[in-house]
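What follows is calculated from the coordinates using simple rules that are stated; it is not laboratory data. A quick note: this is a predicted structure, and the numbers were derived from the prediction, not measured. With ideal geometry, Cβ positions are generated from the backbone for all residues, glycine too; neighbour counts draw on all protein chains shown.
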Amino acid sequence: MVRILISVVIYAISLVGNAQSNNNINTSVNVEDSFKIDIQINKVSSDQGKIYFGLYDSQENFNRRKPIKTTNAKIVEGEAKVVFENLKPGTYAVTCFHDANDNGRMDFEASGIPTEDYGMTNNVMSFGPPQFADGKIELSDKDLIFEIKL
C-alpha cells in the first residue's frame, strides 16, 4: 500500500515539474500529415486554480515521466479545454490534474493519497499510479476529441 502511494506521489510530482518547465517539445511534422487531440474536462469541482496536462507518446516516456508536450488551462464555469496540435500519427496518452489551490503542484495527504483530482485519457482509474496501457489512444488519420473525467 505504501509503495503504491509513493509511486502516485512520484508520478504526480514528475508531471507537475514537467508541466511547470513548459517543456513543449515540438516534433517536426508536415502540416498536411499532422493531427490534433482536443481534450475537454467537464464538471470540475471549482473554477479555482488550473488544470495541468501532459502528453506522452510511449510507454518509456510515460514511465520516465517525460511528456513530449505540457500545458495548462484555466477553468471557466467548471470546464477546461486544451488542444495538442501538430501531432504525427501514433500512440499517445494524456494525463492531467486539477491544481485547485494554484500552488503549481499536486498536493497529497501525509499518507500519500492525492488531495487534488486527476485523470487520463480513457478514464480508467485504478488503485495506484496510472498506466500508459490504460490511457493509450491511437491517432491515425483524423483529429481526436476526448473528455477526461477527474
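Fully extending the segment from I113 to R64 would add 15.6 nm, taking 0.36 nm per residue of separation and subtracting the current Cα-Cα distance.
Once backbone amide H atoms are built at 1.01 Å from N, D107 has T115, E116 as its partners under 5 Å, excluding neighbours fewer than 5 places away on the same chain.
Using a Förster distance of 35 Å, how high is the FRET efficiency between T91 and S45, based on the Cβ-Cβ distance and rounded to 0.05?
Once rounded, the FRET efficiency stands at 0.70.
Going by neighbour counts of Cβ atoms within 10 Å, the residues E60, E85 line up, fewest first, as E60, E85. Taking a sphere under 12 Å around the Cβ of K74 and counting the other residues whose Cβ falls inside, with K and R at +1 and D and E at -1, yields a net charge of -3. Between D102 and I137, the simple label model (points 7 Å from Cα in the Cβ direction) yields a spacing of 2.8 nm.
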